[in-house]
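The values are calculated or read from the model by the stated rules, or taken from the named source; none is laboratory data. What you are looking at is a predicted structure, and each value in this text was computed from that prediction instead of being measured. Neighbour counts run over all protein chains shown; Cβ positions are idealised from the backbone, glycine included.
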Amino acid sequence: MAEARTRILAQAVGHVQGVGFRYSCLLVAREAGVAGWVRNRSDGSVEAAFEGSPAAVEAMTSWMRHGPRGARVTAVELTAQSPEGASGFEIR
């Protein structure tokens, strides 16, 4: 039986650009075995898609609430999505 997968689109708001947020997210996601991507948005937020086991995706959304040292996350918006069968994690 295939392992259940979940996918979440997360957007972190606050002082999240220029603090190594995307690179740190990449390292944490790869360590957690989560697929997807992370990117800066023109509005100053950081957006990421996380796909994998429910526990691993939850760990990533929890990490997004604080981010790396130097980040000041004031809010995180989460949107559930249908899994796409993504593999690997990248910075876009």
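Below are the figures for this structure:
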quantity: Test result for residue 67, over 12 Å from residue 11 (Cα atoms), touching a strand residue (DSSP E or B) at 6+ places or on another chain (Cβ under 6 Å) and crowded, with 19+ Cβ neighbours inside 10 Å; calculated: no
quantity: Condition broken by residue 57, with the remaining ones in (1) touching a residue at least 12 places away in the same chain (Cβ under 8 Å); (2) part of a loop (DSSP other than H, G, I, E, B); (3) out of contact with any helix residue (DSSP H, G or I) (no Cβ under 6 Å at 6 or more places or on another chain) satisfied; calculated: (2)
quantity: Test result for residue 29, crowded, with 19+ Cβ neighbours inside 10 Å, without any contact (Cβ under 8 Å) to a residue 40 or more places away in the chain and not acidic (Asp, Glu); calculated: no
quantity: Output for segment 35-53, where each listed residue is of a type in the set (A, V, I, L, M) and surrounded by 24 or more Cβ atoms within 10 Å (Cβ to Cβ); calculated: 38, 46, 48
quantity: Segment 65-92 residues that are under 15 Å from residue 34 (Cα atoms) and assigned to a loop (DSSP other than H, G, I, E, B), paired with ones that are of a type in the set (Ser, Thr, Tyr) and at pLDDT 95 or above (beta carbon under 9 Å, 6 or more apart); calculated: 83/6
